[in-house]
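The values are calculated or read from the model by the stated rules, or taken from the named source; none is laboratory data. The shown structure was predicted, so the numbers you read here are calculated from the model rather than taken from an experiment. So basically every Cβ, Gly included, is an ideal-geometry build from the backbone, and we count neighbours across all protein chains shown.
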Amino acid sequence: MERLINFIYEYRAFFTFLVLELACAWLIIENNQFQSTKYFNSSNRVAASILGFSQSTREYFSLRTINEDLARENAELRTLLERSRQKALLGDAAVIDSARLNQYEFISAKVVGNSTSLYKNFITINKGMLDGVSPGMAAISNQKAVGKVKSVSDHYAVLISLLNVDEQVSSVIKRTNHFGSVRWDGLDMRYSNLQFIPRHAVPAVGDSVVTSGYNAIFPEGILVGVIQEVNLNEEAMFWDIRIELAQDFGELAFVDIIKSKLKNERESLEQITIGEVK
């Protein structure tokens, strides 16, 4: 405190001058309309700039919460949309078969880890067992196929990406309804291959490739990609088809995990039946 008093005393002339200057400026502004108008206009611009910057800063730091809220709302809307689609398919039976009507539930999650440059790529999300996520569930983003859940902990899950040479998705050409499997070859993150389309089919560039619904993981009709190239060797049984993936994995931020409530029932029945045949 003593040092502060000594500092003020030592520079008392400067501080006196500063106070007098401020007082003069205040008197000029108070007693002259032109200077007063200029001052208030300038001060308002400065204040507006500061408030605008402050608001922009607050909005920027709130984007994470806003995005998470939007992703959660999208998941809820997808659940309702899928329920409406099932209701349209079932017709009058929807009143009786409520389990099939409500078989899909969507869980929104944020991507916290994502590889795209390996042969076997994986995606980590911030939802896990405590949120209802379990291995084998499908993952989509904005109605585009992403992959499926491989393993889970209490708060996180790891997905097998479609950019994984070990992963394949049962898919159909939407226009012709011929089905095969989409499997990545490890070359380009934007492209994959549609395999096992028979030579009597007539695929064309621009055809949409969607999930078939032949397994219990993905609902049918989820967009996987669009055909970009088709070739057929003279003696080949199947077409060579190159598709552009609908999902750009380089900009993946949020996913929806699809929980199928009838998955276990279907897989158990198929396993029992196949076992009996053997």
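Residues that are under 19 Å from Thr211 (Cα atoms) and surrounded by fewer than 18 Cβ atoms within 10 Å (Cβ to Cβ) occur at least once in the range 154-165. Candidates in the range 163-199 are the residues that are in contact with a helix residue (DSSP H, G or I) (Cβ under 9 Å, 6 or more places away or on another chain) and in contact (Cβ under 8 Å) with a residue 60 or more places away in the chain; of these, the one that is nearest to Val226 (Cα to Cα) is Met189.
Across the range 263-278, the number of residues qualifying as more than 19 Å from Val149 (Cα to Cα) and modelled with pLDDT under 80 comes to 6. Counting only residues that are over 18 Å from Ile125 (Cβ atoms) and either surrounded by 13 or more Cβ atoms within 10 Å (Cβ to Cβ) or within 24 Å of the chain's Cα centre (by Cα) (or both), the range 230-265 holds 15 of them. Scanning the range 180-200 for residues that are part of a loop (DSSP other than H, G, I, E, B), surrounded by 14 or more Cβ atoms within 10 Å (Cβ to Cβ) and out of contact with any Phe, Trp or Tyr (no Cβ under 7 Å at 6 or more places or on another chain) gives Trp184, Arg190. Could you please find all residues in the range 124-162 being small (Gly, Ala, Ser), assigned to a strand (DSSP E or B) and touching a residue at least 24 places away in the same chain (Cβ under 8 Å)? Across the range 124-162, the qualifying residues are Ala138, Ala139, Ser141, Ala145, Gly147, Ala157, Ser161.
Entry remark, the range 223-263: residues being free of Cβ contacts under 8 Å to residues at least 24 places away in the same chain and either of a type in the set (A, V, I, L, M) or not in a strand (DSSP E or B) (or both) number 5 in total. What do you reckon, is Ile217 of a type in the set (Val, Ile, Thr) and farther than 23 Å from Phe122 by Cα? For Ile217, the condition - of a type in the set (Val, Ile, Thr) and farther than 23 Å from Phe122 by Cα - is not met. Of Asn121, Asn177, all but one fail to be out of contact with any His (no Cβ under 7 Å at 6 or more places or on another chain), more than 24 Å from Leu269 (Cβ to Cβ), part of a loop (DSSP other than H, G, I, E, B) and not aliphatic (A, V, I, L, M); the exception is Asn177.
Here Glu105 meets each of (1) of a type in the set (Asp, Glu); (2) within 30 Å of Leu232 (Cβ to Cβ); (3) at pLDDT below 90 with one exception, condition (2).
Just checking, does the range 126-142 include any residue being of a type in the set (A, V, I, L, M) and touching a Gly at 6+ places or on another chain (Cβ under 6 Å)? Scanning the range 126-142, I find at least one residue that is of a type in the set (A, V, I, L, M) and touching a Gly at 6+ places or on another chain (Cβ under 6 Å), so the answer is yes.
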